[in-house]
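The values are calculated or read from the model by the stated rules, or taken from the named source; none is laboratory data. Given the structure is predicted, the values throughout are model-derived calculations rather than measurements. With ideal geometry, Cβ positions are generated from the backbone for all residues, glycine too; neighbour counts draw on all protein chains shown. Accessible surface is based on the protein model in full, side chains and every heavy atom, while ligands, DNA and RNA are left aside. Shrake-Rupley method; radii C 1.70, N 1.55, O 1.52, S 1.80 Å.
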Amino acid sequence: MIKSLEKLRLEALAELEQVSELKELESWRVRCTGKKSKLTQALRSLASLPLDERRKIGSLANEIKVDLELRMDEKKKFLEEEHMASFLKQEGLDITLPGKLMPTGRLHPVTQALDEICSIFTRMGFQIAEGPDVEWDYYNFEALNIPPEHPARDMFATFWVDSKETGESARLLRTHTSPMQIRIMEKEQPPIRVLVPGRTYRYEATDATHESMFYQVEGLAIDTNITMADLKGTLFEFCHCLFGEERKVRFRCDYFPFVEPGVEVAVECLNCHGKGCRLCGYSGWLEILGAGMVHPNVLKRVAIDPEKYTGFAFGMGVERIPMLCYGIDDIRLFYNNDIRFLKQF
Ligand code: PHE
């Protein structure tokens with residue numbers, strides 16, 4: 001009995017060796033290990049044997065069964081792999097061919113600068129607000145303490161949508177983001193801390209340093225007891241975050257009708273570190289923003305009591321920052337949409 005079982009095993013393995021296709025493998029399984037196979041029959045006939053022979057032979061028959069099944073699984077895996085390889089060869093699919101590179105997009109350098117500015121001020125507790133590009137004369141000028149014949153209107157070469165003779169209700173493309181100061185103070189009560197990024201427009205010939213559309217970020221803080229020291233502290237901190245701790249920052253008097261006193265902030269030239277070069281016009285300083293304490297007339301206009309509340313405002317051009325940081329010498333490059341330029345940032 002033991003001999004004939006061993007013989008069955010050898011025969012089955014020899015046949016398995018000959019199998020070369022998955023279909024044949026199935027018929028081999030039925031023949032050698034299936035219900036009607038000699039092996040199964042031998043297992044069934046065990047019942048008629050005496051006990052200790054039954055044990056010995058039974059465990060051998062079982063071992064053979066397990067062994068055959070194991071060999072069959074190995075064969076199956078081998079045949080499947082072979083089948084796949086020949087299929088791929090037939091299809092002419094070369095999986096070693098490198099794939100095509102998908103170009104990845106990136107943020108525009110001006111968007112990157114806006115994100116960075118916003119993140120510095122939001123860390124200080126400012127909230128972000130946005131306003132309309134098409135603005136009323138009232139918000140862009142009148143409410144900012146710039147009445148119709150005020151000479152400061154000349155500072156802002158304006159694109160008019162309506163005839164400017166229409167006065168307060170004439171529409172224009174906002175020349176700065178400052179009109180949002182009024183819109184916010186009309187709606188909100190102090191304490192206020194907001195930051196307004198957005199597009200602004202000036203009716204000017206374009207050249208290396210002027211575009212008719214550019215970005216500004218406006219800041220406004222109104223509360224009790226806000227002083228010039230808060231303005232200086234906030235803007236010093238901002239300049240140090242953006243340009244580095246060791247860079248010198250300069251405050252000087254400047255004039256804007258909607259602030260009193262008004263200041264201009266400059267940082268030590270990034271290129272020459274204050275020695276004087278072409279980038280800074282040989283002054284050693286780069287002006288980056290205008291600011292000041294909100295004028296009492298402006299507060300009165302929006303029914304905020306200037307005896308009780310004070311505040312500061314600032315406004316900065318955005319393109320100037322990547323221009324200074326990367327040494328870009330023409331603002332028009334930002335809006336030509338030349339991918340070779342844009343993908344460097
Ligand atoms: N709006 C001014 C400009 O465009 C900048 C500014 C904003 C100055 C806020 C003072 C306060 O030049």
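Overview of results
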{"read-out": "Only listed residue being at pLDDT 85 or above, assigned to a helix (DSSP H, G or I) and under 60 Å from the mean Cα position of the chain (by Cα), chosen from 11, 81", "value": "81"}
{"read-out": "Any hit, region 129-138, residues being within 21 Å of the chain's Cα centre (by Cα) and either touching a residue at least 12 places away in the same chain (Cβ under 8 Å) or assigned by TED's automatic domain parsing to the domain that holds residue 301 (or both)", "value": "yes"}
{"read-out": "Residue in region 191-222 that is surrounded by the fewest Cβ atoms within 10 Å (Cβ to Cβ), counting only those that are among the charged types (D, E, K, R) and closer than 15 Å to residue 311 by Cβ", "value": "193"}
{"read-out": "Number of positions in region 293-345 that are under 31 Å from the mean Cα position of the chain (by Cα) and of a type in the set (S, T, N, Q)", "value": "3"}
{"read-out": "Residue selected from region 174-190 under the condition under 31 Å from the mean Cα position of the chain (by Cα) and open to solvent by 40 Å² or more (accessible area, probe 1.4 Å), by the criterion nearest to residue 124 (Cα to Cα)", "value": "188"}
{"read-out": "Residues of region 242-271 satisfying the condition of being open to solvent by 60 Å² or more (accessible area, probe 1.4 Å) and more than 23 Å from residue 176 (Cβ to Cβ)", "value": "245, 246, 248, 271"}
{"read-out": "Given (1) within 16 Å of the ligand (Cβ to nearest atom); (2) more than 20 Å from residue 196 (Cα to Cα); (3) modelled with pLDDT of 90 or more, number of the condition residue 307 does not satisfy", "value": "(1)"}
{"read-out": "Identity of the residue in region 316-345, open to solvent by less than 20 Å² (accessible area, probe 1.4 Å) and not in a helix (DSSP H, G or I), that ends up farthest from the ligand (Cβ to nearest atom)", "value": "328"}
{"read-out": "Residue count, region 170-197 (criterion: in contact with a Lys or Arg (Cβ under 8 Å, 6 or more places away or on another chain), assigned to a strand (DSSP E or B) and not aliphatic (A, V, I, L, M))", "value": "0"}
{"read-out": "Test: residue in region 284-291 that is under 35 Å from the mean Cα position of the chain (by Cα), modelled with pLDDT under 95 and buried (at least 20 other Cβ atoms within 10 Å of the Cβ)", "value": "yes"}
{"read-out": "So residue 233, is it surrounded by 14 or more Cβ atoms within 10 Å (Cβ to Cβ) and among the small types (Gly, Ala, Ser)", "value": "no"}
{"read-out": "Residue 251 part of a loop (DSSP other than H, G, I, E, B) and within 16 Å of the ligand (Cβ to nearest atom)", "value": "no"}
{"read-out": "Any chance residue 206 is away from the ligand (no atom under 13 Å from the Cβ) and of a type in the set (S, T, N, Q)", "value": "yes"}
{"read-out": "Residue within region 230-247 that is more than 22 Å from residue 113 (Cβ to Cβ) and away from the ligand (no atom under 16 Å from the Cβ) present", "value": "yes"}
{"read-out": "Residue 279, sole failed condition from (1) free of Cβ contacts under 8 Å to residues at least 40 places away in the same chain; (2) open to solvent by 60 Å² or more (accessible area, probe 1.4 Å)", "value": "(1)"}
{"read-out": "Residue tally, condition within 16 Å of the ligand (Cβ to nearest atom), at pLDDT below 90 and assigned to a loop (DSSP other than H, G, I, E, B), over region 119-169", "value": "1"}
{"read-out": "Which numbered condition residue 303 fails, given (1) without any contact (Cβ under 8 Å) to a residue 12 or more places away in the chain; (2) of a type in the set (A, V, I, L, M, F, W, C); (3) part of a strand (DSSP E or B)", "value": "(3)"}
